[in-house]
Amino acid sequence: MSKKTLTLMSKDKQLFNIEEHLAVQSVTIRNMVKEDGASSVIPLPRVDSETLALVIEYLNRQQAPEEDEDYVKKFVDERGEIPTLLELAQAALDLDIKKLMDAACMKVADLIKDFTLEEVREALRIENDRTPEEEKAIRDEFQWAF
Amino acid sequence: MAVELLPDEVIVEILSILPAESLLRCRLVCKWWLTLISSSKFKLMHLHNFNQLNPRYFVGRLDYFASEEWFCVHLDDEAFSFDDSTQIEFPFDRSRGFGYDNISDDYKVVSLIYDASSLSTRPKVEVYSVKTGIWREVMFPDNVLCYCTFPMWLQVFFNGVVHWTAFDLTPSFSIMTFDITTELFEQIQFPEFLTEKYLRVFVAGESLAAVQDVTLDRVDSGSTYRVWVMKEYKNPASWTMLYHVKNADVNLREPLRLRNNGDMIAELKNRDMIMFNHNEGSYVNVFGDSVEEGFDCRTYVDRFQESLALLDVGDSVPNEEAMEALMMIEKQGMRL
């Protein structure tokens, strides 16, 4: 039986090939394949090419099932930069690859757990929508937590 | 280039596995986060996700004469390590249960007070709600026949329900339950082949479990235990044997707890604590002995759960009864 290949397209229009039986670890792709055979190119409008290359590397892993947990952990550990991990989490969310999503989020949580408020905002790209007065009021209310 | 926002799902996933302490601070990050972190849905998600990733246990040693020592410990690297220790009073005339009612977002303590002179009298039941700060009496139903339990047999809180190992006067074993939301008692029967021997109820991962002592003669033959899980909650036909420990050499004194994967944490006759790996049939020593000879005590282990459900006790000084309830909560891992 010949192995069927699928083509994924990143947001910057780069094409990546992957064997179908590996690609269907992504629930999103599995559903597409089921519906229409996914013969054409599958576009991933939120995933850039660097991240997609990582996702493909992950999907192509040749791991025994019992070592898979350790492999995923190691895989995200080696890409320990927060922005990369967040891109990876977002791609895993879009592609519905639960293990990768969980591992990336876990690593980010571990990295930011002792961050200051400003560092958390910067890392997770959140804007502070409170005025300094509002912030002070709420800080006073929850004083015991700081 | 404008910063692209992350999808909400990614943010929520990350926050749900942060320690409670970090989350308390993170309420200040932005308005949305405060609403999210304060919502009961998120609190439940955090309770599940965080504790799943960070399984932790308490070890308690109860001195029969005076007080009880509790140690906060970790089990992630297969060894216990000390974090903290406190001593609390432990009344012997009652059994207690404790749990979080996610419908009313409240912690409740249920206290079963027995008449020490007569086992045939049903217990008097009192329920404490942390939110109201009031103890209320609740009727114990006539149709629950297995109502005897011992204070040192700790409850297991599972599925929103307190479970106690209970027995009747024949004696045969069963599980007495108390739904923390509806405040109703019920009884879960064991199938016949399980009722005859000494049993203890535990939780293993997502299932109710029981450890059955099938030792013929405790003194000579060493103990033999069978570990059972109830695959489908409240279905007595679904009890399945997971494994058994036959241990002439290990010399078990008592099973203390099951881990999520069903591994048994147990105490040996020499008071060392071990963790039994049931897949490999091996065990590791996790907690050395610190008990002087002739000193009579009882050891137990319970899960330590970190939770965001905050107690609205404010600045007021809680009364004695409330303090007792808060002690229970602290055991469960609530940070005040």
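The values are calculated or read from the model by the stated rules, or taken from the named source; none is laboratory data. Here the structure is a predicted model, which is why all the values come from computation and not from measurement. Note that each Cβ is placed from the backbone with ideal geometry, even for glycine, and that neighbours are counted across all protein chains shown. The area values use the complete protein model at the heavy-atom level, side chains included, leaving out ligands, DNA and RNA. Shrake-Rupley method; radii C 1.70, N 1.55, O 1.52, S 1.80 Å.
Considering only protein heavy atoms and a probe of 1.4 Å, how much of the accessible area of chain A is carbon and sulfur, as a whole percent? Please list the in-between numbers first.
On the way: 4320 of 8510 Å².
C and S atoms contribute 51 percent here.
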Item checked: Highest to lowest packing among B:254-260, B:103-109, scored as the average C-beta count within 10 Å -> B:254-260, B:103-109
Note to self: Translational diffusion coefficient of chain A at 20 °C, 1.002 mPa s, Stokes-Einstein with Kirkwood Rh over Cα pairs, in µm²/s as a whole number.
What the structure shows: 123
Item checked: Rough spin-label spacing in nm, given labels placed 7 Å along Cα→Cβ, for B:LYS41 and B:GLU186 -> 2.7
Item checked: Average beta carbon contacts from partner chains per residue of A:109-115, 10 Å cutoff -> 5
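Express the Stokes-Einstein translational diffusion coefficient of segment B:101-185 in µm² s⁻¹, to the nearest whole number, given a Kirkwood radius over alpha-carbon pairs, 25 °C and a viscosity of 0.890 mPa s.
Reported coefficient: 182 µm²/s.
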Item checked: Per-pair calculated FRET efficiency, R0 = 25 Å: A:ASP110 and A:ASP140 via Cβ, rounded to 0.05 -> 0.25
Item checked: Shielding by partners, peptide A:96-106 (average Cβ within 10 angstrom, other chains) -> 2
Notebook entry, point to check: For the pair B:LYS234 and A:ASP68, how long in nm is the line joining their label points, each one 7 Å along Cα→Cβ?
Noted result: 3.4
Checklist line | Label-zone membership for segment B:1-41, site A:ARG125, 7 angstrom Cα→C-beta point, backbone N under 19 Å | finding: B:1-16, B:29-33
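Students often check this: by mean Cβ neighbours within 10 Å, which of B:275-282, B:226-233 ranks highest, and how do the rest follow? Before the final figure, lay out each step's value.
Working: B:275-282: 14.5, B:226-233: 18.2.
Ranking, from highest mean packing down: B:226-233, B:275-282.
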Item checked: Share of carbon and sulfur in the accessible heavy-atom surface of segment B:89-151 [1.4 Å probe, %] -> 56
Margin query: Averaged over its residues, how many other protein chain Cβ atoms are within 10 Å of peptide B:29-40's Cβ atoms?
Written below: 3
Margin query: How many Å² of accessible surface get buried when A and B come together, counting both sides, probe radius 1.4 Å, rounded to the nearest 100?
Written below: 2800
